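Presented below is the structure to which this report refers.
The values are calculated or read from the model by the stated rules, or taken from the named source; none is laboratory data. Just so you know, these numbers come straight off a predicted model, no measurement behind them. Cβ: placed from backbone, ideal geometry, glycine included. Neighbour counts: every protein chain shown.
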Amino acid sequence: VLIAIDGPAGAGKSTVARALARELRFCYLDSGAMYRCVGLLSLRAPMRPPGELAREANIELAGSRAGSARGRPGETSAGDRVLLDGRDVTDAIRAGEVSDAASRVAADPEVRRALVARQRELVARGDWVAEGRDIATVVVPDADLKVFLTAGCDERARRRARELGSDAAAVLAEQRRRDQRDRARAHGPLAAAPDAVVIDTTGVDARLIVRRLAELALGASASG
Ligand code: CDP
């Protein structure tokens, strides 16, 4: 079973996707963490073609180890660490400049080709909640359940500012820039799949969203 959750920055994807994976005892894939890793590499090596960096990078997501796909569900969700070439970059990839670099390299078709291939490999076995921008449209177009989460700009910026402990106005500007870039790119743009369930999370408790998605997931796995 695969549940795809896409949406813009700060729409609550990570919170909801992690909690849903925990509840359903599915594995969790944070595809954004992969783009963030390549963004980090491109900041360190600005002269290297990002596609090359993406192909060479060894990205390990604690929540998505192939071995845990069935064996040890549940433990895949909380406090996931991200390893890049063996180093823990969990916190480093959340920096503002890395968010920006991630959305820049994410427009590169070579980067997308490399990362989409890895994402498909990961989710080929086991049950998954995968989140990103293009999961339902490109990575797994035959996902059992497709969800597109949105929220008002101000609320999205407020949430992210609270998480990062930074200024809401600055976060708002950064998110706008990134969302525009993510929507406008030719390859794998941020977009809802035609058959996605669109949920506006503005003012809604994440627990309610998780409950609703768990119900939808049960329906989808029963009928699929
Ligand atoms: O957490 P947040 O929504 O702010 O971002 P993220 O999911 O960590 O993704 C960071 C950046 O990676 C996005 O702005 C996109 O440009 C890119 N991304 C992508 O292009 N495709 C995905 N499936 C996931 C992320």
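Within region 10-38, track down each residue that is assigned to a loop (DSSP other than H, G, I, E, B) and more than 10 Å from the ligand (Cβ to nearest atom).
R25, F26
Per-residue answers, yes or no, for (1) assigned to a strand (DSSP E or B); (2) away from the ligand (no atom under 13 Å from the Cβ); (3) surrounded by 16 or more Cβ atoms within 10 Å (Cβ to Cβ):
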| site | (1), (2), (3) |
| --- | --- |
| V111 | no, no, yes |
| F148 | yes, no, yes |
| R158 | no, yes, yes |
| A173 | no, yes, no |
| R178 | no, no, yes |
| R183 | no, no, no |
| G203 | no, yes, no |
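Do we have any residue at all in region 90-104 that's surrounded by fewer than 21 Cβ atoms within 10 Å (Cβ to Cβ), under 13 Å from the mean Cα position of the chain (by Cα) and within 12 Å of the ligand (Cβ to nearest atom)?
yes
Go through region 160-169 and give me each residue that's without any contact (Cβ under 8 Å) to a residue 24 or more places away in the chain and in a helix (DSSP H, G or I).
The answer is A161, R162, E163, A168, A169.
What number of residues within region 129-163 are farther than 23 Å from G203 by Cβ and among the small types (G, A, S)?
Number of matching residues: 4.
Would you confirm whether or not region 133-147 contains a residue that is among the aliphatic types (A, V, I, L, M), closer than 20 Å to V105 by Cβ and touching a Ser or Thr at 6+ places or on another chain (Cβ under 9 Å)?
Yes.
Here is a list: A17, A11. Which entry is closer than 25 Å to T150 by Cα, modelled with pLDDT of 95 or more and in contact with a strand residue (DSSP E or B) (Cβ under 6 Å, 6 or more places away or on another chain)?
Going through A17, A11 in turn, the sole match is A17.
Just give me the residues in region 50-85 being surrounded by fewer than 14 Cβ atoms within 10 Å (Cβ to Cβ) and modelled with pLDDT of 95 or more, in sequence order.
E56, N58, D85
Report, by residue number, each residue of region 113-135 that is more than 8 Å from the ligand (Cβ to nearest atom), in a loop (DSSP other than H, G, I, E, B) and touching a Leu at 6+ places or on another chain (Cβ under 8 Å).
The one that is more than 8 Å from the ligand (Cβ to nearest atom), in a loop (DSSP other than H, G, I, E, B) and touching a Leu at 6+ places or on another chain (Cβ under 8 Å): D127.
Pick out the one residue from D167, D144 that is more than 10 Å from the ligand (Cβ to nearest atom), over 16 Å from the mean Cα position of the chain (by Cα) and crowded, with 16+ Cβ neighbours inside 10 Å.
D144
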